[in-house]
Amino acid sequence: MRYVRIDRAGFSCWGVIKGEDVLTLTKPPYEGLDYDGGKLPLRQCRLLAPCEPTKIVCVGKNYAEHAREMGSVPPGYPTLFLKGPNTLNRPDGAVHAPGFVGRLDYEGELAVVIRRHAKDVKEKDFAEFVLGYTCLNDVTARDVQQMDGQWTRGKSMDGFCPVGPWVTDEIDPAALTLTTRLNGRQVQKGFTADLITSIPKLMEFITASMSLEPGDVIATGTPSGVGPMIPGDRVEVEIEGIGILKNQVI
């Protein structure tokens, strides 16, 4: 299924995409599929981020070539950091950095949306805890990150995590192509088969330390090719079998 979250008369509403329509739900899909009888044309819907996380758990340097382009050797185990709910941004939402930011980077990623409370999950059981997969842009104030010597402020400014356009459970997350385009020009191309730490292993590693809640997100890391964006730029993160996440920098 493909799950979507939309703006309906000023309120957020979950739905399931069927053909060219959205069949609306009374509650989030991780609480059960309860249709309310509504049907809206997808093309007319204002999409919201298809998740309502208490936290976004991000994995740094999970592609070897990206680690090298950042001047590091590939890590021996996952490097984790968090983005708060304040960073969440919707498909077609504007990305805006405070005036003191000198370099703003895109980082296209595959994201995992959590279905139910997850703690001490074993690798073999990971799929039981996954609602589905979506596209994510881990927007980064690179100069701030480098100046601070750690990642919290540079990664966690308001709107620095566009997610969408929807969540799907109809793909194999280990066999996907990820492409990022800046103003129509391809700047990243990666393959989830090249993740240093696979999604099942990430689930076990993360939940050994912290609980994940329904709607939480795991951002699995970005391939090589990260680079700067400036106001007026349009960035697209496309993952086969999912769709295209589009955002404008202002």
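Each reported figure results from applying straightforward, stated rules to the coordinates on display, with no laboratory input. These figures come from a predicted structure and were not determined experimentally. No Cβ is skipped: glycine too gets one built from the backbone with ideal geometry, and neighbour counts run over all protein chains shown.
Derived from the Cα gyration tensor, the three semi-axes of the equivalent ellipsoid of region 113-169 are 29, 16, 8 Å, largest first.
Have a look at the DSSP beta bridges in the chain and tell me what percent are antiparallel, nearest 5. Bridges in the chain that DSSP calls antiparallel: roughly 90 percent. Once Kirkwood radius over Cα pairs in Å is calculated for the structure shown, the corresponding label among [x] 18.7; [y] 18.1; [z] 20.2 turns out to be [y].
Each of Y133, Y35 was scored by other Cβ atoms within 10 Å of its Cβ. Listed from fewest to most, they are Y35, Y133. What the phi angles of region 138-144 give under the Karplus curve with 6.51, -1.76 and 1.60, with θ = phi - 60°, is a coupling list of 7, 4, 9, 7, 5, 5, 5 Hz, glycine and proline written as x. Computed over all pairs of different Cα atoms, the Kirkwood value for the hydrodynamic radius of region 2-48 is 10.3 Å.
Ranking of M210, M147 by neighbouring Cβ atoms within 10 Å, starting from the fewest: M147, M210.
A simple rule links phi to the HN-Hα coupling: the Karplus curve 6.51 cos²θ - 1.76 cosθ + 1.60 with θ = phi - 60°, which for region 155-170 gives 9, 10, 6, 3, x, 8, 9, x, 9, x, x, 8, 10, 10, 10, 9 Hz, with x for Gly and Pro.
Distance between Cα centroids, region 131-178 to region 210-229: provide it in whole Å. One Cα centre to the other: 4 Å. The 3J(HN,Hα) values that the Karplus relation (6.51, -1.76, 1.60; θ = phi - 60°) gives for region 29-35 are, in residue order, x, 6, 9, x, 8, 10, 6 Hz. Gly and Pro appear as x. Ranked from largest, the principal axis spans of the Cα set of region 1-141 equal 53, 44, 25 Å.
Ordering R234, R5, R46 by the number of other Cβ atoms within 10 Å of each residue's own Cβ, fewest first, gives R46, R234, R5.
Sequence-distant contacts, meaning Cα pairs under 8 Å at least 6 residues apart, place the relative contact order of the chain at 26 percent. As a calculated quantity, the FRET efficiency between K119 and R185 at R0 = 35 Å, using C-beta atoms, amounts to about 0.25.
For the options P41, P200, P29, a Gaussian network treatment of the chain with springs between C-alpha atoms closer than 10 Å singles out P41 as fluctuating the most. Considering only Cα atoms, the convex hull volume of region 111-231 works out to 127 Å³ per residue. Once both labels are positioned 7 Å from their Cα atoms along Cα-to-Cβ, the gap between V101 and T152 label points is 1.8 nm.
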